[in-house]
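The values are calculated or read from the model by the stated rules, or taken from the named source; none is laboratory data. A quick note: this is a predicted structure, and the numbers were derived from the prediction, not measured. Here Cβ is always computed from backbone atoms with ideal geometry, including for glycine, and neighbour counts include all displayed protein chains.
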Amino acid sequence: NDIILTAASNGLIFGFNVRPDAKAREKAEKEGVDINLYSVIYQIVDDVKQALEGMIDPNLREQIIGQAEVRQVFSVPKIGKIAGAYVTEGKVTRAAGVRVIRNSIVVYEGKISSLKRFQDDAKEVMAGYECGIGVEKFNDLKDGDIIEAFITVEEKRTLDDVKKSDLEKQKAQEAAKTE
């Protein structure tokens, strides 16, 4: 019964100082259920903690990796507008997300459709170099625009992180109630 319930819920079976009989092992194998057996208590605690942490969604954090200043905009037939740009900080990579910033206001956020150094495709262009940048589904590039390149970084969370986050939310809710 435990094996069928575990299989149905994609769960895990942990046993402490026990051994499953042959019938139970066979059923577990047939259902694709792992039976984890322990004789030392801290090992089961560590493995349960690790299993739970593997189920926690990671934090997604944005990291700005570079900026480029649009110096001249070119119209390319069948392609659209290409920014002739100078990378002022960090690097611009083909896989990065980008924001087009005009007068300190984000006017577009999307992806790079092309990145070239002279006539050659480039995976990345470092600070101090010129390049051509095409921005996917955006043709309103203007001289002086800033193209900010960013990536999204996944940060693994622990049970302690979740606990801290929940406590902070609880404190914020209590503070909102008293106001």
Matching residues in the stretch 19-33 (surrounded by 12 or more Cβ atoms within 10 Å (Cβ to Cβ) and out of contact with any Ser or Thr (no Cβ under 6 Å at 6 or more places or on another chain)) number 8
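Name the single residue, out of those in the stretch 106-159 being among the β-branched types (Val, Ile, Thr) and surrounded by 15 or more Cβ atoms within 10 Å (Cβ to Cβ), that is nearest to residue 63 (Cα to Cα).
Taking the stretch 106-159 first, the residues among the β-branched types (Val, Ile, Thr) are 106-107, 112, 125, 133, 135, 146-147, 151-153, 158.
Pick out the ones that are also surrounded by 15 or more Cβ atoms within 10 Å (Cβ to Cβ) and you get 112, 125, 133, 135, 146-147.
Values: 112: 16, 125: 17, 133: 20, 135: 19, 146: 16, 147: 14 Å.
In this case the residue turns out to be 147.
Here is a yes/no grid of residues against (1) in the same structural domain as residue 147 (by TED's automatic domain parsing); (2) of a type in the set (Val, Ile, Thr); (3) touching a Leu at 6+ places or on another chain (Cβ under 9 Å):
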site	(1), (2), (3)
41	no, yes, no
51	no, no, yes
70	yes, yes, yes
76	yes, yes, no
81	yes, no, yes
98	yes, yes, no
Subset of the stretch 53-78, residues surrounded by 13 or more Cβ atoms within 10 Å (Cβ to Cβ) and either under 30 Å from residue 153 (Cβ atoms) or among the acidic types (Asp, Glu) (or both), comes to 53, 56, 64, 65, 66, 67, 68, 69, 70, 71
Counting only strands (runs of 3 or more DSSP E) entirely within the stretch 90-179, those with at least 1 residues that are closer than 22 Å to residue 67 by Cβ and among the polar types (S, T, N, Q) are 105-117, 146-155
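Part of a loop (DSSP other than H, G, I, E, B) and either within 29 Å of the chain's Cα centre (by Cα) or surrounded by 14 or more Cβ atoms within 10 Å (Cβ to Cβ) (or both), is that true of residue 7?
Numbers: part of a loop (DSSP other than H, G, I, E, B): no; either within 29 Å of the chain's Cα centre (by Cα) or surrounded by 14 or more Cβ atoms within 10 Å (Cβ to Cβ) (or both): yes.
Considered against the rule, which asks whether it is part of a loop (DSSP other than H, G, I, E, B) and either within 29 Å of the chain's Cα centre (by Cα) or surrounded by 14 or more Cβ atoms within 10 Å (Cβ to Cβ) (or both), residue 7 comes out as no.
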